[in-house]
Amino acid sequence: MPTLIEIDKLVAKNKKLGSLPEVVHRVFAAMDDPNSTATQIGKVINEDPALTGRLLKLVNSPFYGFRSKIDTVFRAIALIGHNELRSVVLATSALKVFTGIPSDLVNMSLFWKRSLYTAVVARVLAAYRREKEIERYFIAGLLHDLGSLLLYLELPDEMTKALARNQDEKVALCDAEKDELGYDHAEVGGALLKSWNLPPVLCEAVRYHPYPERSSNEYRDAANLLHLAWQIVRHHIERDPLLAEDAEIDEAIWQANNLQPDVLDQILEKAAQQYEASQAILLS
């Protein structure tokens, strides 16, 4: 069917969703300034009490496992570094952007639980793969379904039809969305992250997480990892009703990530620990 509204126009239509909170942009600007110091960056964060509180709670939680108490933003920055700080600021702020989603279309509590579990699984997988910046995979997992929230807000009637086909006819949601809208929520999510000026690796991983083979060679590894994290959550954490009762993750997906299926139990255990350590902070 013809596309109802182009993705870029859809993303730009709602200014609130088209941009992150102002404090995030100011923190990122300070971090990107080569002349900025940790003190200057910390001062920007301290201007937002809610962000400051969430940041300190997270770095003092078992999620990071620091032995001594971290009582200032400046010390937090020194300990976790700029790359992880960027991810933490984004993670603690992006969840606050979406409000007013029709409750009959999505259970927001379950949505964010699934998203956070995908995030921690992706983080654990990245550690197993010895990736240099594992926090970027946490962010990709946390935001991987964000495009669906924008669609629920802007195109609720069409999404209602897509969800009905997904639930009643057992049609994969991405396929049902393409039939109704001309594109799917993964494509919208990638465009939304691009409008937030996030790194291309995050945008591509989110855009292609349902079908990583379509991603560019440059970002294929990131898309493969996020795809595996998504599949682990579908199969072993929040069982997808579309899956057969005895369905298992295709071994080719593990191979694409240079991992073996026998690490699954360890991954699930570590992910459960990280989920418990972060959910009260990020999902409160």
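The values are calculated or read from the model by the stated rules, or taken from the named source; none is laboratory data. Since the structure is predicted, the reported quantities are computational estimates derived from the model, not experimental observations. Here the Cβ is made from the backbone with ideal geometry for all residues, glycine too, and neighbour counts use every protein chain on show. Accessible surface is based on the protein model in full, side chains and every heavy atom, while ligands, DNA and RNA are left aside. Shrake-Rupley method; radii C 1.70, N 1.55, O 1.52, S 1.80 Å.
How many percent of the accessible area of the chain is carbon or sulfur, using a 1.4 Å probe?
That fraction is 47 percent.
Rounded to whole Å and sorted largest first, what semi-axes of the equivalent ellipsoid does the C-alpha gyration tensor of segment 32-96 yield via the square root of 5 times each eigenvalue?
Here the semi-axes work out to 17, 14, 11 Å.
Tell me, in nm to one decimal, what length is gained between residue 197 and residue 179 on full extension, where the rule is 0.36 nm per residue of separation less the Cα-Cα distance?
So the extension gain works out to 3.6 nm.
Quick one: accessible area per residue over segment 227-284, 1.4 Å probe, rounded to a whole number of Å²?
56
If you keep only loop residues by DSSP, which GluC sites (Glu not before Pro) in segment 98-172 have at most 10 other Cβ atoms within 10 Å of their Cβ? Before the final figure, lay out the partial values.
Values: sites: 131, 133, 135, 154, 158, 169; in loops: 131, 133, 169.
Within segment 98-172, the qualifying GluC sites (Glu not before Pro) (loop, at most 10 other Cβ atoms within 10 Å) are 169.
From the alpha carbon gyration tensor of the chain, can you work out the equivalent ellipsoid semi-axes (sqrt of 5 times each eigenvalue) and give them in Å, largest to smallest?
30, 23, 17
Pairs of Cα atoms under 8 Å, at least six residues apart: use those to get the relative contact order of segment 64-212, whole percent. Could you put the intermediate results ahead of the total?
Values: 145 pairs, mean separation 28.4, N = 149.
Relative contact order here is 19 percent.
Which of these, 115, 216, 195, has the largest mean-square fluctuation under a Gaussian network model of the chain (Cα springs below 10 Å)?
216
Which whole number of Å³ per residue matches the convex hull of the alpha-carbon atoms in segment 2-154? Numbers along the way, then the final one.
Values: hull volume 21.7 nm³, N = 153.
Hull volume normalised by residue count: 142 Å³.
Roughly speaking, what is the stretch gain from residue 255 to residue 170, that is 0.36 nm per residue apart minus the C-alpha to C-alpha distance, in nm to one decimal?
27.8 nm
Output ³J(HN,Hα) for segment 42-55: one whole-Hz value per residue in order, computed from phi by the Karplus curve 6.51 cos²θ - 1.76 cosθ + 1.60 with θ = phi - 60°, and x for Gly and Pro.
Using θ = phi - 60°, the values come out as x, 5, 5, 5, 5, 5, 10, x, 5, 5, 4, x, 5, 4 Hz.
By how many nm would the segment from residue 108 to residue 127 lengthen if fully extended, with 0.36 nm per residue of separation less the alpha-carbon distance? Before the final figure, lay out each step's value.
Numbers: separation 19, 0.36 × 19 = 6.84 nm, distance 2.85 nm.
Length difference between fully extended and current span is 4.0 nm.
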